[in-house]
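Asker: Structure in structure tokens, see below.
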Amino acid sequence: MRLTLPLVFATLLAVPAFADDDRVEHYKGEPSRSLEEALQNLSEYNGRLKAVLEGGELAGDDFHDIHQITYTLENALERLEDELDAMEDDLEIIHQASERGEADKIEAAAPAYFERADKL
């Protein structure tokens, strides 16, 4: 009995880990390696998702299609989050440099900020 109980707990703890691994390897979706690619994937795959959802009552392969589409959309949104974080960092540098009158820091950070902002 003493050995059985720890084995049961170990098995129960291991099951969620295997489930998470299966999800990651199940389907990866299209990558979003850049801001441009993320925006393109967002537009294209939102269109695909809308088409499935507007096709009437969801049934059969619709669920599989939605499942696959959402992986690509999640990748695109993750890239957008990363890009927005970088923009926020650059803007904070610009903001703080403006308080201190540091033109060189503003001029150094502004191009990276606008490179992303102009694409959005």
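Asker: Say a paramagnetic label sat at a point 7 Å from the Cα of GLU88, along Cα to Cβ; which residues of region 43-81 have their backbone N under 15 Å from it?
Answerer: Hits in region 43-81 for GLU88 at 15 Å: 78-81.
Asker: Quick one: Kirkwood hydrodynamic radius for region 27-117, alpha-carbon pairs, angstrom, one decimal?
Answerer: 15.2 Å
Asker: Moving on to the next point. Stretched out fully, how many nm does the piece from THR70 to LEU49 gain, at 0.36 nm a residue minus the Cα gap?
Answerer: In short, 6.8 nm is gained.
Coordinate-derived values only; no laboratory data. It should be emphasised that the depicted structure is a prediction, and the values quoted were computed from it without experimental measurement. Neighbour counts run over all protein chains shown; Cβ positions are idealised from the backbone, glycine included.
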